[in-house]
1. Relative to the first principal axis of the alpha-carbon coordinates of the chain, what is the inclination of helix 248-258, with its axis defined by its Cα atoms, in degrees from 0 to 90 and to the nearest 10?
2. Please report Rg over Rh for region 97-222, where both radii come from the alpha carbon positions and Rh follows the Kirkwood definition.
3. Hey, could you pull the Cα Rg and Dmax for region 4-139, both in Å?
4. In a GNM of the chain with a 10 Å cut-off on Cα contacts, which of Gly241, Gly215, Gly202 has the highest mean-square fluctuation?
5. Using a cut-off of 9 Å between beta-carbons, work out the net charge of the residues near Ala133 (Lys and Arg +1, Asp and Glu -1, Ala133 not included).
6. Based on the alpha carbon coordinates of region 148-258, what radius of gyration and maximum Cα-Cα distance (Dmax) apply, in Å?
7. Hey, what D do you get for the chain in µm²/s if you plug the Kirkwood alpha-carbon radius into Stokes-Einstein at 4 °C and 1.567 mPa s?
8. Please report, in debye to the nearest 20, how large the charge dipole of the chain is about its Cα centre when each Lys and Arg carries +1 at its beta carbon and each Asp and Glu carries -1 there.
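Please treat every number below as a calculation from the coordinates, not as lab data. These numbers come from a predicted model, not from an experiment. All Cβ positions, even for glycine, are placed from backbone atoms using ideal geometry, and neighbour counts span all protein chains on display.
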Amino acid sequence: MNYDAVLADMVAIAREAGALTLAYFKRFRDLEIGIKGPADFVSDADKESELLIRKFLFDRYPGWSFTGEEFAPVDTDNEHRWLVDPIDGTTNFINGMHYTISIALRRGNRTVCAVLYNPPADEMFTAIPGQGAFMNGERLRVSEQADIGLCNIGTGLPTPGLQLYPGAYERLDAIRAPIGAVRIVGSAANSCAYVAMGRLTGYYEETGFVDTAAGILLVQEAGGVVTDWWGRGPDIYERTGTLLVANKATHAYLLDKLKDVPRKDPK
């Protein structure tokens, strides 16, 4: 199946959702915020964005399954499934910082189309397997930086109460001494996009696959390496969320520094 037309539809609805969310974003100080869990926020913009994307995709591709962040999944097709995060980086969003809209199409266990959109920056990232990764039409490649002292690595730090791996600050301490910088972008999707375009040389975090499915394909198509924290493949990181995306040198460095963290094997 040729997915070029599907990708064009994904870009179109990402832009519509971008316009919708930007209207909220410009008055972020007045937003009403709900709490789904510890440090897990949701706004009306998240919900409206997902409903807008969902309706558009169901109208275009009736019968395909859909998994989003804000509403129950729709399981109608075992072959095609949309993975949608209507606002990745909601904490950023409600504080007037950059966020991302993420749309991925899965066929079986493969991501066959990926779109990430950063509305405040008007940066549209796209990828189809074997065709490369692009930002606003420009081909992307991961950074060629191999000097660890100049590497720029992204991560996230959980707040107390989140049921994630313990030892986040210990891991941060283990990696930070020799490298150039650590950055917290605040959006897993945008962090992956930054690796794909070379703004970050690598990124690691425990995060949800809906957030990162599109970003993972971007990194792969830009020549990056994608594994879990111990070098294992998609059958592990898609379930556990222990994601590591990087250029070759940064990936090797982070694998060495993260290897002593106890493994989290899927059930």
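1. 70 degrees
2. Taking Rg over the Kirkwood Rh, I get 0.98.
3. 14.7, 44
4. Gly241
5. On the way: positive: Arg139, Arg141; negative: Glu221.
Net charge in that neighbourhood comes out at +1.
6. 12.5, 36
7. Working: Rh = 18.5 Å.
Rounded to a whole number, D works out at 70 µm²/s.
8. Details: 27 positive and 35 negative charges, 89 e Å.
Charge dipole of the chain: 420 debye, to the nearest 20.
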